Amino acid sequence: MTVHPETPARLRRTSTTLADGRELIYFDDSEPYLSGAATREVVDRRPLVVRPTAGTMRLDALTGDWVSIADHRQNRTFMPPADECPLCPTGGGTMPSEIPATEYDVVVFENRFPSFATTSSATGASAANPAENPLLAHAPALGRCEVVCFTSDHGASFSSLSTSRARTVVDVWTDRTRELSALDAVEQVFIFENRGEEIGVTLRHPHGQIYAYPFVPARTASLLRAATEHHQRTGRLLGADLLAAELESGSRVVIKGAHWTAYVPYAARWPVEVHLVPNRDVPDLVALDDDERDELAVVYLDLLRRLDRYYEKADGSPIVLPYIAGWHQAPVRQGRDVSRLHLQVMSILRAPGRLKYLAGSESGVGAWINDVSPEAVAARLREVG
Ligand SMILES: [Zn+2]
């Protein structure tokens, strides 16, 4: 077990190893672990012997996009009963979970069914392309996939966390961005949360994920292209100029803090979509200062709680909003001088009981049609504040 040198004083970080060799890290923000009065010395006694390795990724020659072929993921755990939850602490249910301890604050571990992993034993791709035709390019899907458990409380959600726990998660995201960015294979660190069965969540326990990709993903590349063009033309940062434009316009702004602003984007694609951006130019979570981290915890909780009041059932009770939340950070090795950190939260729920499907226009050619006016979404989010 190791204690990390860059851990902030409000956290104790303990790295350990699961039975199959995957890393698990406890981030403790409470006693008796925070002060060191007790230490994490729990051993994972499950008979997991094979550490997951990377699959392959194939290049789509038509678009230049990499596609990860992770067919082992078909066998992953799908909606287990609560007493078999792999993200609950061990001891409460009928089988040992992924977390050997009997309680925890925040835990991060390497995904057991990863799309990207640090070691590769891939041989399948050469069988699929025996002539090694360059149009059928492939590469090992190197990188890392992690799970972040926000709380040991199975029935909680991010929006029900205390401010202090949300602040811990901000520190954990920062820690993981710093470490994963330092891996040789990694070009992009994407931190996200899928919430709700409508989004395709396979485990109900409140958790997020982190994908460290060995390439710059398509949307990141598109954001980078626009930011670079704007910078070459004006000498300024696109993200900063856009924030200024939204503040001047005002009609789509939802929350205005000292360090953060939340607004519905001018050309929102999703029925409910909000961007949360720092007021200062920062490329990634690592570059935030302490005041910005403190306010992020407060503002993000405020935003998520508004989203959970956005729609109401016929009896007036709130509808828990299915959402995807993802951090757009500067790529690890390029465009860091023009990129600007932002969080994108989006939902496919376009009305109570009605989902927006990504159908012909969106899935076929990437041309989005949004049935809802961004100004109306912002007005509703201000109303439920
Ligand atoms: Zn659970």
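Filtering the stretch 95-105 to residues that are of a type in the set (Gly, Ala, Ser) and away from the ligand (no atom under 13 Å from the Cβ) leaves only ALA101.
Results for (1) modelled with pLDDT under 80; (2) farther than 16 Å from ASP20 by Cα; (3) under 22 Å from the mean Cα position of the chain (by Cα), shown as yes or no for each residue.
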position	(1), (2), (3)
ARG112	no, no, yes
SER120	yes, no, no
GLY124	yes, yes, no
ALA128	yes, yes, no
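Only a single criterion out of (1) touching a residue at least 40 places away in the same chain (Cβ under 8 Å); (2) farther than 15 Å from GLY208 by Cα is not satisfied by THR174, namely (2). Among the residues of the stretch 361-385, those that are modelled with pLDDT under 95 and within 19 Å of ARG309 (Cβ to Cβ) comprise VAL372, GLY385. Checking each residue in the stretch 80-94 for being over 16 Å from ASN111 (Cα atoms), in contact with a helix residue (DSSP H, G or I) (Cβ under 9 Å, 6 or more places away or on another chain) and within 12 Å of the ligand (Cβ to nearest atom) picks out GLY92, GLY93.
Yes/no matrix, rows are residues, columns are (1) exposed (fewer than 15 other Cβ atoms within 10 Å of the Cβ); (2) outside any loop (DSSP other than H, G, I, E, B):
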position	(1), (2)
VAL282	no, no
ASP291	yes, yes
TYR310	no, no
ALA330	no, no
ARG340	no, no
TYR357	yes, no
GLY364	yes, yes
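For beta carbons closer than 7 Å, sequence separation of 6+ or different chains, a first residue in the stretch 189-213 that is at positive phi and a second that is assigned to a loop (DSSP other than H, G, I, E, B) and open to solvent by less than 20 Å² (accessible area, probe 1.4 Å), the qualifying pairs are GLY196/PRO322. Name the single residue, out of those in the stretch 68-79 being at pLDDT 70 or above and in contact with a Lys or Arg (Cβ under 9 Å, 6 or more places away or on another chain), that is nearest to the ligand (Cβ to nearest atom). Ranking the qualifying residues of the stretch 68-79, first place goes to SER68. Inclusion of GLU110 among residues that are touching an Asp or Glu at 6+ places or on another chain (Cβ under 6 Å) and surrounded by 20 or more Cβ atoms within 10 Å (Cβ to Cβ) is warranted. Tally time: how many residues in the stretch 145-181 are assigned to a loop (DSSP other than H, G, I, E, B) and surrounded by fewer than 22 Cβ atoms within 10 Å (Cβ to Cβ)? Count: 7.
The values are calculated or read from the model by the stated rules, or taken from the named source; none is laboratory data. In this text, all values refer to a predicted model and were calculated from it rather than measured experimentally. Counting neighbours? That spans all protein chains shown, and the Cβs are built from the backbone with ideal geometry, glycine included. Please note that ligands, DNA and RNA were not included when accessible areas were found on the heavy atoms of the full protein model with its side chains. Shrake-Rupley method; radii C 1.70, N 1.55, O 1.52, S 1.80 Å.
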